[in-house]
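Working notes, beginning with the structure itself.
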Amino acid sequence: MELMSCYSKRSLSRWEARPVELPPPPRLDTKAKPQSVRTLVEREARRRKDQETLLLSEEELRNIWFLMKEMGVETNGEVRINYDGFSQVLTRCRECFGPQIEPYFKAPVFLKFERDDNGCISANQFLNYLNLRTTMHQNRLELSAFDPDNSGSLSTEQLEEYVKSLVPQVPALSDMPPDFLEHYGRIAVRKLLFFHGKNGSVRIRDLVNSIVLQELNELKNNQLQEHQLISNWFSVQSTQRVYKTFLALDEDMNGLLSRKEFTAISNGTMSPLFISRIFEEHVMRMRIVQGRTVHRDEMDLLAFTDFVLAWDHRSHPAAIKYFFDIFDLKKQSYVTPAEIYTFFKEIHYMWVHVMNEYADLNIYDVVDEMLDMVKPKVTARITAEDLASSGMSGVFFSTLSDVKQFYDYNYRENLMHQDDDSS
């Protein structure tokens with residue numbers, strides 16, 4: 001203890017004798033590091049500001065059109081302009097709108113368009129280009145506002161918030177019942193996710209020029225007729241149709257559809273095998289319930305909405321993938337004549353016993369017809385790529401899944417003659 005005490009006193013006296021030298025204070029560097037948060041925020045702010053300057057108002061577009069007509073030549077109702085006139089339009093536009101208009105009038109932009117023997121391009125096509133680019137920039141700005149992390153993608157929840165934010169702004173949606181808003185958001189975004197989604201999110205760059213997003217933007221047109229609203233997926237009329245159909249099928253009102261309840265969607269004309277495969281591939285797969293992965297044999301509203309989208313767009317690549325998984329029984333990435341036979345065998349039974357048609361229809365003839373129609377690259381092996389390139393995926397899926405669809409296909413010539421006679 002005494003030794004420790006002496007050592008402590010000597011140490012203390014040594015420290016007291018020598019003043020403590022503190023390290024110099026850190027130098028404040030006001031220059032942000034390349035990947036600092038501040039730099040990234042400033043970069044994003046500049047990018048969004050640049051995007052905003054690229055937006056053209058209707059008045060600006062109208063003035064550009066008048067200048068194009070003034071500097072160009074009108075032939076057969078079409079205005080055409082050469083590069084000299086194109087440059088003069090830029091000079092006038094720069095005076096009126098400022099330098100932010102310049103990116104639209106660069107030489108590479110002019111060279112994108114087809115030129116005639118006089119080196120002129122179509123002013124009409126150029127104005128359509130300006131409209132398209134403005135819409136794309138507007139879409140990017142609106143979508144990016146719902147991407148606070150600047151990830152470049154929107155999750156399902158963020159897409160729903162984006163779609164629901166449009167409701168007060170779009171006259172076609174303004175009369176939506178308040179209690180339907182949540183269902184509207186869930187149903188509406190399924191189309192964005194079905195055609196562009198991956199792992200429950202969609203990249204913004206895939207949406208900005210998407211035909212699907214263009215369909216949503218069409219609702220901003222105040223002149224849409226009732227039949228146009230009904231055919232627009234994002235309208236109140238269309239989303240309510242999907243929701244009310246789901247409710248009508250849900251006989252026990254538990255918010256889910258059993259296989260028996262789902263059968264009624266086609267009035268019993270879809271084959272039992274086809275319906276079973278829908279549930280096996282797109283319903284019984286994992287569902288997250290209270291943090292646990294479970295398997296359910298009943299279809300919820302979202303799975304039902306995906307089916308509606310796939311059935312209504314049977315030739316779209318996303319729908320081809322949806323249905324191909326159903327018909328690829330052995331998971332070989334191709335469909336064989338044996339699988340075609342298996343599916344059509346049930347259609348044949350319904351053809352005879354439900355439609356009361358002739359029993360001598362040869363199943364093998366139909367199998368051969370499907371193969372001839374698709375023309376696979378590898379004999380007797382139909383891939384998803386074969387179906388897409390053939391342009392016959394809609395007919396292929398329909399005739400092998402629904403006896404009414406096969407009836408219409410089998411008697412297509414007679415039905416065409418009936419239409420001609422009625423007209």
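The values are calculated or read from the model by the stated rules, or taken from the named source; none is laboratory data. Remember, it's a predicted structure, so these values are computed and weren't measured experimentally. No Cβ is skipped: glycine too gets one built from the backbone with ideal geometry, and neighbour counts run over all protein chains shown. The accessibility values were calculated without ligands, DNA or RNA, using every heavy atom of the protein model including side chains. Shrake-Rupley method; radii C 1.70, N 1.55, O 1.52, S 1.80 Å.
Some values worked out for this structure:
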quantity	calculated
Failed criterion for V294 (all others in (1) in a helix (DSSP H, G or I); (2) of a type outside the set (D, E); (3) at pLDDT below 95 hold)	(1)
Residue among P171, P148 that is over 21 Å from the mean Cα position of the chain (by Cα), assigned to a loop (DSSP other than H, G, I, E, B) and not aromatic (F, W, Y)	P171
Hey, G85 among the small types (G, A, S) and under 15 Å from L127 (Cβ atoms) or not	yes
Segment 340-360 residues that are in contact (Cβ under 8 Å) with a residue 24 or more places away in the chain and under 14 Å from D402 (Cβ atoms), paired with ones that are among the hydrophobic types (A, V, I, L, M, F, W, C) and not in a helix (DSSP H, G or I) (beta carbon under 6 Å, 6 or more apart)	F343/L400; F344/L400
Residue tally, condition within 15 Å of I187 (Cβ to Cβ), in contact (Cβ under 8 Å) with a residue 40 or more places away in the chain and either open to solvent by 40 Å² or more (accessible area, probe 1.4 Å) or of a type in the set (V, I, T) (or both), over segment 301-317	3
Residue within segment 318-333 that is touching a residue at least 60 places away in the same chain (Cβ under 8 Å) and open to solvent by 50 Å² or more (accessible area, probe 1.4 Å) present	yes
Condition met for Y364 (at pLDDT 95 or above, surrounded by fewer than 19 Cβ atoms within 10 Å (Cβ to Cβ), over 16 Å from K321 (Cα atoms) and over 36 Å from the mean Cα position of the chain (by Cα))	yes
Wholly enclosed helices (runs of 4 or more DSSP H) of segment 185-247 bearing at least 3 residues in contact with a Phe, Trp or Tyr (Cβ under 9 Å, 6 or more places away or on another chain)	211-217
Subset of segment 260-287 that is part of a loop (DSSP other than H, G, I, E, B) and modelled with pLDDT under 90 - its residue that is farthest from E298 (Cα to Cα)	R285
Odd one out for Y341, checked against (1) open to solvent by 80 Å² or more (accessible area, probe 1.4 Å); (2) among the hydroxyl-bearing types (S, T, Y); (3) assigned to a helix (DSSP H, G or I)	(1)
Members of segment 400-414 found to be of a type in the set (S, T, Y) and surrounded by 19 or more Cβ atoms within 10 Å (Cβ to Cβ), listed by number	S401, Y407
Identity of the residue in segment 96-145, within 15 Å of M68 (Cβ to Cβ) and in contact (Cβ under 8 Å) with a residue 60 or more places away in the chain, that ends up most open to solvent (accessible area, probe 1.4 Å)	N131
Total residues in segment 172-181, condition open to solvent by 60 Å² or more (accessible area, probe 1.4 Å) and at pLDDT 90 or above	2
